[in-house]
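The structure appears right after this line, and notes come after that.
The values are calculated or read from the model by the stated rules, or taken from the named source; none is laboratory data. Values in this document were obtained by computation on a predicted structure and should not be read as measured data. Quick reminder, even Gly has a Cβ in these numbers, built from the backbone with ideal geometry, and neighbours come from all protein chains shown.
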Amino acid sequence: MNRKNLLLFGLVGFIAFLSGGWLLQRGGQHAGDVYQKARLFENVVAYVSEYYVDSLDAGRLYDLAIDGMLKELQDPYSTFLRPSDLEDLRVSTTGNYGGLGIRIEPSDGWIQIVAPLPDTPADRAGVQAGDRIIAVDGESTHEWSADKAVGRLRGPPGAPTTITVSRPGVPEPIEFRIVREQIHVRSVEGGTVLPGGVGFLRLTQVSEESAQELGEEITRLRAAGARGLILDMRNNPGGLLNEGVAVADLFLDRGQIVVETRGRAPGASGVFRASHAQSWADMPVIVLVNGNSASAAEIIAGALQDHDRALIVGTQTFGKGLVQSVFELGPGPQALKLTTGRWHTPSGRQLERTTRRPATIAVAPDDADETADAAAADSVHGDSLKPAFRTDAGRVVYGGGGIVPDRVIRSDTLTSGEQAFARALGARVPDYRSALTTFALDLKGRNAVADPGFRVTTAMRGELIRRLRDRGVTLPDSIFAGAGTLLDEQLGDEVARYVFGRPAEIQRQLRRDAQVREAMGLLARAKSPSELFTLAVEPEARPGR
């Protein structure tokens, strides 16, 4: 049997696998029709392979056919996963990889260490936030992309590597020989107790150990005096269905529905319920969401809203309510990720959002949340186009895709002056980011900032503008003046990150976060979950910027 016939046999088997034996279950006429199509496809592949003006490998043609077929489904979530795609999926859903344990980003043509992860090989070796990786195993990293750096720094646990760094305030490069380990990236961060006994933490994605990490962190915050909780799931892209169910289970009573899946294939429909008694029944909870909260994050928000367990604050979520199943295909590490159903909340709302409004607001660097908020601008209570549903307590919640918050609070929008700065900056955003980072590292190297709550001075802003102009970002004084507050905020965040660490940066950001302020105000007055919902229906006082 020649190679082309072998490939055809594999493709027919692939089709039969996807169809669950559909060819065998249908009548002879339908099977014959599909067989004729398969023969037609074989002929097309043969002619293209033999006669097309450019030489194309027959195996490559079948790859193109698979990708083209899935593309025609017009479903961005149904894809064929090749080895590198499968590895990316594994890392995103488990949070585990072999490496050093550092967060990096390109800056000024080099690889900047944003922070070492706690208790990882890099952390124990003495690597610090702000170190610049200038070589890996003796090879210069100048002009490396982030992807290339990740590829070189990651590797099997037990494999050593040597990184050379330059450090602010240290004249000579520092060399570290580090043995890679299995690294776990936590999905829970930002745990802190805010004024008024309000606990705050972020769930950044829904991966294998999210429920366990979240439960441990809430227990710690409760011991530290938190009597209410803000669970921030803004910009959470979701993740694993079973882990989303487990997170919701932390807050629900045994037997309550978390989510329902509905599909046409056998086994594609089912109801997922909480299986444990909740641990913090007396604790009022607010969940923050926005237009980038998606998938399993929406399952969690929808379940807690429908069962009146948490007040949802923010803007309408993304509306990614399609179930994907991963079918492993041999030979080799490859798989099909295929949409097999739709998610529905306990009240019956379909999470999938069929229409999306494009963003219309100009955004400054690191302010992508504004884009998401603009895309979710139609999340307004009382919209007659949205179907109404009822929670367990009879409250009205809205369907139509995504989760419409109980209290819609837009994040602070950019002023006209800040929008003008964003437009004028244009393609020079990388220069702006690099100027922020290098200035922050200079301040760190000179020990110029001693207090995490420091105030950005006029002189510091002037120095940032001077550095931008040295890089050729020659905007008029009026443009810089109109964005003064934004420049101060982003410079302050960058300095806090590199000098005092990520927790200090988060604290600065929370102080000016309109949605967090709204949540803090409600939780400071609410003594119980039921009182929280009572306070939430009072006339809303919108905080201004």
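What the table below lists for this structure:
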item	result
From the options Ala526, Ala483, Ala450, residue that is buried (at least 17 other Cβ atoms within 10 Å of the Cβ) and more than 22 Å from Ala422 (Cα to Cα)	Ala526
Residue within segment 210-227 that is of a type in the set (Lys, Arg), modelled with pLDDT of 95 or more and farther than 21 Å from Leu311 by Cβ present	yes
Sole exception among (1) assigned to a helix (DSSP H, G or I); (2) modelled with pLDDT under 90 for Val48, by number	(2)
Residue in segment 114-121 that is free of Cβ contacts under 8 Å to residues at least 40 places away in the same chain and either outside the structural domain of Val179 (by TED's automatic domain parsing) or buried (at least 17 other Cβ atoms within 10 Å of the Cβ) (or both) present	yes
Search result, residues across segment 154-173 that are surrounded by fewer than 18 Cβ atoms within 10 Å (Cβ to Cβ), at pLDDT 95 or above and over 29 Å from Leu240 (Cβ atoms)	Pro160, Thr162
Leading residue by the ranking (nearest to the chain's Cα centre (by Cα)) among those in segment 212-227 that are under 16 Å from Val285 (Cα atoms) and not charged (D, E, K, R)	Leu214
Ala129 being more than 29 Å from the chain's Cα centre (by Cα), surrounded by 15 or more Cβ atoms within 10 Å (Cβ to Cβ) and modelled with pLDDT under 90	no
Residue in segment 487-505 that is more than 22 Å from the chain's Cα centre (by Cα), over 22 Å from Val114 (Cα atoms) and outside the structural domain of Arg132 (by TED's automatic domain parsing) present	no
Meets criteria (over 26 Å from the mean Cα position of the chain (by Cα), buried (at least 17 other Cβ atoms within 10 Å of the Cβ) and within 28 Å of Arg407 (Cα to Cα)) for Phe533	yes
Only listed residue being at pLDDT 95 or above and assigned by TED's automatic domain parsing to the domain that holds Ser295, chosen from Val193, Val198	Val198
Yes/no for Asp470 being of a type in the set (Asp, Glu), in contact with a helix residue (DSSP H, G or I) (Cβ under 8 Å, 6 or more places away or on another chain) and either modelled with pLDDT of 95 or more or within 15 Å of Leu436 (Cα to Cα) (or both)	no
Test: residue in segment 187-200 that is surrounded by fewer than 18 Cβ atoms within 10 Å (Cβ to Cβ) and among the charged types (D, E, K, R)	yes
Within segment 490-523, tally of residues that are closer than 20 Å to Ser411 by Cα, in contact (Cβ under 8 Å) with a residue 40 or more places away in the chain and small (Gly, Ala, Ser)	2
Selected residue (criterion: surrounded by the most Cβ atoms within 10 Å (Cβ to Cβ)) from residues of segment 132-153 that are polar (S, T, N, Q) and either closer than 15 Å to Arg177 by Cβ or more than 22 Å from the chain's Cα centre (by Cα) (or both)	Thr141
The listed residue being of a type outside the set (A, V, I, L, M, F, W, C), modelled with pLDDT of 95 or more and not assigned by TED's automatic domain parsing to the domain that holds Gln112, out of Thr438, Thr457	Thr457
Test: residue in segment 425-440 that is surrounded by fewer than 20 Cβ atoms within 10 Å (Cβ to Cβ), over 23 Å from Leu510 (Cα atoms), touching a residue at least 24 places away in the same chain (Cβ under 8 Å) and more than 27 Å from the chain's Cα centre (by Cα)	no
Residues of segment 230-242 satisfying the condition of being surrounded by 24 or more Cβ atoms within 10 Å (Cβ to Cβ) and at negative phi	Ile230, Leu231, Asp232, Met233, Arg234, Asn236
Number of the exception - Gly244 against (1) farther than 22 Å from Gly99 by Cβ; (2) in contact with a helix residue (DSSP H, G or I) (Cβ under 7 Å, 6 or more places away or on another chain); (3) not in a helix (DSSP H, G or I)	(3)
Selected residue (criterion: nearest to Gly426 (Cα to Cα)) from residues of segment 436-474 that are among the acidic types (Asp, Glu) and in a helix (DSSP H, G or I)	Asp470
Failed item, numbered, when Trp110 is tested on (1) among the aromatic types (Phe, Trp, Tyr); (2) within 29 Å of Ser145 (Cβ to Cβ); (3) surrounded by fewer than 17 Cβ atoms within 10 Å (Cβ to Cβ)	(3)
Index of the failed condition, Val91 passing every other in (1) at pLDDT 90 or above; (2) within 30 Å of Gly130 (Cα to Cα); (3) aliphatic (A, V, I, L, M)	(1)
Strands (runs of 3 or more DSSP E) within segment 93-201 that include 1 or more residues of a type in the set (D, E, K, R)	102-107, 132-136, 174-179, 181-184, 188-194
Subset of segment 267-317 [in contact with a strand residue (DSSP E or B) (Cβ under 6 Å, 6 or more places away or on another chain) and of a type outside the set (A, V, I, L, M)]	Ser269, Gly270, Phe272, Arg273, Pro284, Asn290, Gln305, Gly314, Thr317
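Yes/no matrix, rows are residues, columns are (1) closer than 24 Å to Gly319 by Cα; (2) touching a residue at least 40 places away in the same chain (Cβ under 8 Å):
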site	(1), (2)
Gly196	no, yes
Val206	yes, yes
Leu214	yes, no
Ala223	no, no
Leu231	yes, yes
Asn235	yes, yes
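Residue-wise test of (1) of a type outside the set (S, T, N, Q); (2) within 27 Å of Asn290 (Cα to Cα).
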{"site": "Thr391", "(1), (2)": "no, yes"}
{"site": "Arg410", "(1), (2)": "yes, yes"}
{"site": "Thr413", "(1), (2)": "no, yes"}
{"site": "Ser416", "(1), (2)": "no, yes"}
{"site": "Tyr432", "(1), (2)": "yes, yes"}
{"site": "Gly445", "(1), (2)": "yes, no"}
{"site": "Val456", "(1), (2)": "yes, no"}
